[in-house]
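Input: a single structure, listed below in structure tokens.
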Amino acid sequence: MAAPLDRSSARRSGSRASGRSYGGVPAEVRVAQRRDRFLAAGLELFGTRGYQSTSVRAVCREAGLSERYFYESFANTEALLIGVYQHCTDRMHDDILVAMATGDRPAGGSSAEPLDHVVRTTLEAFYASVADPRVLRVCWLEVLGVSTLVDSTYISGIDRFAHLVATVMAETFGLSPDERLRLIATGLVGSVIMTAIRWYLDGQKEPVTTLVAANSVLFLGAARQLSPRS
């Protein structure tokens with residue numbers, strides 16, 4: 001891994017450029033654009049060659065930017081890994097929320113049918129978000145065992161999705177969002193993630209419809225157990 005640049009000189013360089021606008025593009029926009037290029041480079045390299053085999057120099061080469069610009073946004077490759085992970089999981093979370101909010105519900109039928117539709121629509125959105133094998137590798141494999149900071153970021157990501165599942169279940173069945181429900185939701189999220197890992201390791205040969213159907217059994221089974229009418 002390339003040695004970090006002198007931070008004081010990097011800060012001085014950044015401060016000199018902070019107020020400048022080139023081609024009508026404000027400095028803060030250019031910084032954000034460079035950061036996005038590093039995130040894209042990180043996803044490509046972490047998702048193909050792996051985190052441990054990726055250096056700052058390689059990331060800069062992939063992004064087409066200098067190391068000075070790398071340290072403008074990231075302290076090291078670990079910080080970049082966290083950034084890529086958060087960027088990918090933010091997109092998954094947003095895609096799931098959109099699917100839950102905009103998915104058409106079937107007209108009429110039993111109360112179980114709309115729930116079945118919501119579960120399937122949500123799972124389809126998740127698997128669409130992780131169709132890129134680089135995303136699967138980075139988010140569920142490359143982040144494991146790197147450091148305590150990366151571990152805590154990964155756990156926070158799991159908790160975020162578990163909270164979403166628990167909230168939906170609580171609202172659907174009028175339940176209290178207690179520890180039992182949180183654990184059930186965490187288990188369901190874990191089943192989806194492990195299915196995604198198995199899918200990746202098998203070369204993503206299985207149709208997404210099969211993955212959705214398998215996980216739907218778990219989600220709907222939990223829903224039946226939690227329903228006050230069961």
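The values are calculated or read from the model by the stated rules, or taken from the named source; none is laboratory data. A quick note: this is a predicted structure, and the numbers were derived from the prediction, not measured. FYI the Cβ positions are ideal-geometry reconstructions off the backbone, even for glycines, and counts take in every protein chain you see.
Mind listing just one residue for me: the one in the stretch 28-56 that is surrounded by 13 or more Cβ atoms within 10 Å (Cβ to Cβ), over 18 Å from the mean Cα position of the chain (by Cα) and β-branched (Val, Ile, Thr) and, of those, nearest to residue 143 (Cα to Cα)?
54
Working carefully through the options 176, 191, find the one that is among the polar types (S, T, N, Q) and in a loop (DSSP other than H, G, I, E, B).
176
On the basis of being within 17 Å of residue 142 (Cα to Cα), modelled with pLDDT of 95 or more and not assigned by TED's automatic domain parsing to the domain that holds residue 157, does residue 59 make the cut?
When the stated conditions are applied, residue 59 passes them.
Any residue at all in the stretch 75-86 that's part of a loop (DSSP other than H, G, I, E, B), at pLDDT 90 or above and within 20 Å of residue 51 (Cα to Cα)?
Yes.
Looking at the stretch 206-223 only, could you name the residues that are more than 30 Å from residue 173 (Cα to Cα) and either part of a helix (DSSP H, G or I) or out of contact with any helix residue (DSSP H, G or I) (no Cβ under 8 Å at 6 or more places or on another chain) (or both)?
Matches in the stretch 206-223: 207 only.
Any chance the stretch 152-172 includes a residue that's at positive phi and at pLDDT below 95?
no
Yes/no matrix, rows are residues, columns are (1) among the β-branched types (Val, Ile, Thr); (2) surrounded by 14 or more Cβ atoms within 10 Å (Cβ to Cβ); (3) within 21 Å of residue 124 (Cβ to Cβ); (4) more than 19 Å from the chain's Cα centre (by Cα):
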| position | (1), (2), (3), (4) |
| --- | --- |
| 141 | no, yes, no, no |
| 147 | no, no, no, no |
| 153 | yes, yes, no, no |
| 157 | no, yes, yes, no |
| 165 | yes, yes, yes, no |
| 174 | no, no, no, yes |
| 185 | no, yes, yes, no |
| 189 | yes, yes, yes, no |
| 195 | yes, yes, yes, no |
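Surrounded by fewer than 19 Cβ atoms within 10 Å (Cβ to Cβ), in contact (Cβ under 8 Å) with a residue 40 or more places away in the chain and outside the structural domain of residue 50 (by TED's automatic domain parsing), is that true of residue 133?
Here the answer is yes, as residue 133 does meet what is asked.
Based on what the data block shows, is residue 183 of a type in the set (A, V, I, L, M), part of a helix (DSSP H, G or I) and more than 18 Å from residue 96 (Cα to Cα)?
Answer is yes for this residue.
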